[in-house]
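K.L.:
One structure coming up, written as structure tokens, with questions to follow.
The values are calculated or read from the model by the stated rules, or taken from the named source; none is laboratory data. All values derive from a computational prediction rather than experimental measurement. We place every Cβ from the backbone using ideal geometry, glycine too, and count neighbours over all the protein chains shown.
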Amino acid sequence: MAKNAAAKSFAAQATVQEPHPPHILVVDDSRAIRTFMEENLGKAGYTVHCAENGREALKVLAKRHVDMVISDIDMPVLNGKAFRAKMLEEPEYATLPFLVMSTQDTEENVKIMRELRVSAFLSKPFKADQMIILVERILDYTNLLISAQQEMANQEKVMLLSSIMSLAQALDARDAYTRSHSDSVAETATRIARHMACGATMVETAHIAGRLHDIGKVGIPDSVLQKPGKLTEDEFNIIKTHPGIGARILEPIPSLFEVATIIHAHHEKYDGSGYPRGLTGEQIPFLARVLALADAYDALTSDRPYRQGMGKQQALAIIKKGRGSHFCPTCLDAFLESI
């Protein structure tokens, strides 16, 4: 149950969006048409942006977000057909609803518009009410489609994260230390993130990264992972591959890409002496710097097969010595205050 709750909580982050008045781009070489559209769409509660040809419209799209495009067909410089074709070449524009308006309601134009995947065809001249109703219907349909796609994506994210959590549990079964260690690291990393006034999304990411930070150890042989004594240099080099393995497991999942980046860097040190890439300072992702502190503290205070865990004060004294070398000074201060 816990892993499913974590999966659903994490997946929900990606779908929270602030509502905004729909933005519509009107493209027509006639100033009178642009003025008519801007006035009537504005009265209906839409934010309107205008361009006099397709080339200018592409510049508008590059600068600002719009929810829908209404375009004439026959325009100088870049006409409506060529403009729409350009939009379809760009993934971020290709899915925008596109309403065509024209005086040429010919069979050929309708066929071309169908090939260019336009939402509807509005014959000039048209009444304002007619245009507003059509715009509302297109946007309503688009919003329903987006909601359905987001729900499907959320379900996929929950399933994927649940699978990853199951993989983490398989690792726990191999190594009892890893289970309690990952839980403790997740709790400490979350506490540090909250203390540093991170938002809810970042705090949740810190928790997930803490819980999964050793997931790459599924690729480490038992003979190395469960060795009761000190590791040889070769064995330690094998252990050092686990951040990269963990990152490769998670990177293909878009919703876990940031977590993968954090996990990849959680053994980096502030002075560049860490592994696997020798990152320094702010090259290390912020939450990876937080995770490094949580990981080190729990490692020092936990019992291992080859040594007993040390007391809290002794562990904190060692961690303080790592200020600016092993650990980020700002994160270290927050850790000490939070603990």
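K.L.:
Filter the range 89-115 down to residues that are touching a helix residue (DSSP H, G or I) at 6+ places or on another chain (Cβ under 6 Å) and loosely packed, with under 15 Cβ neighbours inside 10 Å, then give me how many there are.
P.N.:
1
K.L.:
Can I ask one more? What's the total number of residues in the range 32-51 that are surrounded by fewer than 20 Cβ atoms within 10 Å (Cβ to Cβ), over 21 Å from E90 (Cα atoms) and touching a residue at least 12 places away in the same chain (Cβ under 8 Å)?
P.N.:
Result for the range 32-51: 9.
Residue-by-condition table, conditions (1) farther than 28 Å from L336 by Cα; (2) among the hydrophobic types (A, V, I, L, M, F, W, C); (3) crowded, with 17+ Cβ neighbours inside 10 Å:
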| residue | (1), (2), (3) |
| --- | --- |
| S255 | yes, no, yes |
| H266 | no, no, yes |
| P276 | no, no, no |
| F286 | no, yes, yes |
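K.L.:
Something else: I'd like to check something: does the range 60-72 contain any residue that is farther than 19 Å from P21 by Cα, surrounded by 15 or more Cβ atoms within 10 Å (Cβ to Cβ) and not aromatic (F, W, Y)?
P.N.:
yes
K.L.:
Here is a further query. Could you please give the count of residues in the range 296-339 that are among the polar types (S, T, N, Q) and part of a helix (DSSP H, G or I)? Write out each step before concluding.
P.N.:
Our first condition is that a residue be among the polar types (S, T, N, Q); within the range 296-339, this holds for 301-302, 308, 313-314, 325, 330, 338.
With part of a helix (DSSP H, G or I) added as a condition, the list becomes 301, 313-314, 330, 338.
The number of residues fulfilling the criteria is 5.
K.L.:
Additional query: Tell me, which residue of the range 197-216 that is outside any helix (DSSP H, G or I) and either of a type in the set (S, T, Y) or within 23 Å of H242 (Cα to Cα) (or both) is farthest from the chain's Cα centre (by Cα)? Walk me through how you get there before you give the answer.
P.N.:
So in the range 197-216, the residues outside any helix (DSSP H, G or I) come out as 197-199, 213-214.
Those left that are additionally either of a type in the set (S, T, Y) or within 23 Å of H242 (Cα to Cα) (or both): 213-214.
On the way: H213: 18, D214: 21 Å.
Ranking the qualifying residues of the range 197-216, first place goes to D214.
K.L.:
Residue by residue through the range 32-41, note down the ones that are under 18 Å from S119 (Cβ atoms) and either of a type in the set (S, T, Y) or outside any helix (DSSP H, G or I) (or both). So that I can check it myself, show each step before the final result.
P.N.:
Initial filter on the range 32-41 (under 18 Å from S119 (Cβ atoms)): 37, 41.
Within the range 32-41, no residue meets the criteria.
K.L.:
Which residue pairs have Cβ atoms under 6 Å apart, sit 6 or more places apart or on different chains, and have a first residue in the range 173-201 that is assigned by TED's automatic domain parsing to the domain that holds A296 and a second that is β-branched (V, I, T) and modelled with pLDDT under 95?
P.N.:
Pairs found: T190/V203; A193/V203; R194/V203.
K.L.:
On to the next question. Are any residues in the range 10-31 polar (S, T, N, Q) and at pLDDT 70 or above, and if so, which ones?
P.N.:
Of the residues in the range 10-31, the ones polar (S, T, N, Q) are 13, 15, 17, 30.
The one that is polar (S, T, N, Q) and at pLDDT 70 or above: S30.
K.L.:
Check the range 258-279 and report whether any residue there is among the polar types (S, T, N, Q) and assigned to a loop (DSSP other than H, G, I, E, B). Spell out how you get there, then give the answer.
P.N.:
First, pick out the residues of the range 258-279 that are among the polar types (S, T, N, Q): 261, 273.
Within this subset, residues satisfying the condition of being assigned to a loop (DSSP other than H, G, I, E, B) are 273.
Yes, because at least one residue in the range 258-279 is among the polar types (S, T, N, Q) and assigned to a loop (DSSP other than H, G, I, E, B).
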